[in-house]
Every structure is written in C-alpha cells, then in structure tokens.
Amino acid sequence: MKTLIILLLSFLSFSSLAQVKLVTLEYPPYITTEQGELNGVAVSLVKKVFAKLETPIEIEVLPWGRAISYIEAGKADGIFTAFKTAERESFAHYIDEVLFDQNIVAIKSVDSKLSWNKANIGQAKICLVNNVSYGQWLDEAVNNESFAGVNRVRSAQQCVKLLQTNRVDFWINNEFGARYIAVTMTAQDDLSVEKPPIESTPSYIAFSKKGAVNSELVQKVNDVVAQMKASGEYDQLISEYFEQLAFDTQKE
C-alpha cells in the first residue's frame, strides 16, 4: 500500500490567503516521513519560507514521476527539491535562488577494489532510482549507454541491498541522502563514498505554470530565500537540523 502523507499548515491569522499545494518525494535527509510526521532539512526550509510569507501550504509526498506529472498538469502548485532541466522549464517556473546544492556521488562496497573514474565507466554497473535526474553528465552517460549495466529501482534502499549482494558496483546518489540511508539501514560500515563528487548540482523549488501561484509569489519566495542566506539564517537552519539528527541517532 502506498503511504501518502500530507502536511497541512493552517494559519488562522491569514486564512483568507489561498493554500499552496506542494509536492515532493521522500528523499532523506531533505524530505523524510517518520512515524507519520513529515520532516527533513528541505521541509524545514520550505516551511520557514512560507511562514515568513504568511502563506499556508500543503505538502504531499509522492513517487517522483507522479510529482513531476502533477506540476506539468497543474494538479499541484509547486515542487521541491527539483533539478532544473529544459523539459521541466517548459511547464514550471523556477526561483533564481538555489534551494540546495546537491553533491552527486558514487558509493561502493568497502570490499570493492573498483574505484570510480569517469574514464572507465564502461566497466561499472550502477544502481539508480527511477525518474530521478542525477545531473547533466550522469544523465547523458546513462542515455548514451556508457555503463556496463544500469539497474533502475524504485527506492534507494534497494540500491544498498544490490551493493551488499555485489549485484552492482556503484550506487549513485546525493551524498547527504546516501549517508542518511546508510545509517538508518545500519549499513554505514559496509559502504564507502567515492571522492570527489561526480558533480554538484543546484536544486530548486519550482512552480507549475498551470497552478495557482502567480509570478509575484514566485518572486517573494525567491527573495525570502535570498534574505535567509544573506542573514545567516539559512546556514543556521541546516546546521541545527543535522545537529538534531546526530543527537537523535545517538539516542537510538
């Protein structure tokens, strides 16, 4: 059964404002659903931005492909955290400010003797999650069939299991997300993150061109994110999130 979690933020003081419907995917540590609660560093940031704008939001967690289709069709107003592509820009307005720079890395088994090298990717079998963009270079390499094999799965946890059983050589993922998932699966001692990152890709919040969010609100969202970065509030929010995550993990 698909788990659907909706976070509804109701602000009585500005109930006259239209509610903004946002969609996303479960993508730890950016977006997490634990014990029925929606959390994550991206969720914390987005909640803070819209609270500053006194605009109520609804956040729905969906499979990524469906979330994208909702934005294209205007069934949802906004999406995060989304990489920018020419295709997506045809149906979505992106804010100018980057929500998060995301490092895309290759993760391997600690027992593997194969090192990640762009020059010899023809020897590597990799695991990817369906309908997720991993940045221009990796996406093009996959489309050009440059790898020895590509396993496409529905969740990153499946990639970890494929690594543990030596069915793939590398799992490609966001670095923070990979570390979070490894800890939750008690697999952190089994995996090794290759350095340097394959690439660092900016991710954004974007709004459907068919949705209810107008250009004025898009600009206001952009301005709030910029102000939070300039004031240091952005960095503080991220630091506090990861400090709390480390504390909670130690307690367990």
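The values are calculated or read from the model by the stated rules, or taken from the named source; none is laboratory data. Remember, predicted model here, so these are calculated numbers, not experimental data. Positions of Cβ are backbone-derived with ideal geometry, glycine not excepted, and every protein chain shown enters the neighbour counts. These area figures cover heavy atoms from the full protein model, side chains too; ligands, DNA and RNA do not enter into them. Shrake-Rupley method; radii C 1.70, N 1.55, O 1.52, S 1.80 Å.
The figures follow:
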{"item": "Gain in span if fully extended, residue 233 to residue 152, counting 0.36 nm per residue against the direct Cα distance", "result": "25.4 nm"}
{"item": "Segment 121-201: GluC sites (Glu not before Pro) falling in loop per DSSP and having at most 13 other Cβ within 10 Å", "result": "145"}
{"item": "With every protein chain in place, segment 48-192: carbon and sulfur % of accessible area (1.4 Å)", "result": "40"}
{"item": "Cleavage-rule hits (trypsin sites (Lys or Arg not before Pro)) in segment 169-252: DSSP loop, at most 15 neighbouring Cβ within 10 angstrom", "result": "209, 210"}
{"item": "Selected from 230, 160, 187, residue furthest toward positive end of dipole (segment 154-252; charges at beta carbon)", "result": "160"}
{"item": "Stretchable slack from residue 143 to residue 195, in nm (0.36 nm times residue separation minus alpha-carbon distance)", "result": "16.4 nm"}
{"item": "Kirkwood Rh (inverse of mean 1/r, distinct Cα pairs), segment 152-252, angstrom", "result": "17.0"}
{"item": "Relative contact order of the chain, pairs being alpha-carbon contacts under 8 Å that are 6 or more residues apart, as %", "result": "27"}
{"item": "Low-density loop cleavage sites - GluC sites (Glu not before Pro) in segment 27-69, where at most 14 other Cβ are within 10 Å (DSSP)", "result": "54"}
{"item": "Per principal axis, descending, Cα span of the chain in whole Å", "result": "59, 45, 41"}
{"item": "Cα gyration tensor shape for segment 31-156, rounded if a/c is under 1.5, else prolate or oblate", "result": "prolate"}
{"item": "Centroid-to-centroid separation of segment 139-161 and segment 190-225 [C-alpha atoms, Å]", "result": "23"}
{"item": "Length added when fully stretched, residue 166-residue 87, from 0.36 nm per residue minus Cα-Cα", "result": "24.9 nm"}
{"item": "P(r) histogram, all alpha-carbon pairs of segment 136-199 included - 10 Å bins from 0, percent", "result": "19, 53, 26, 2"}
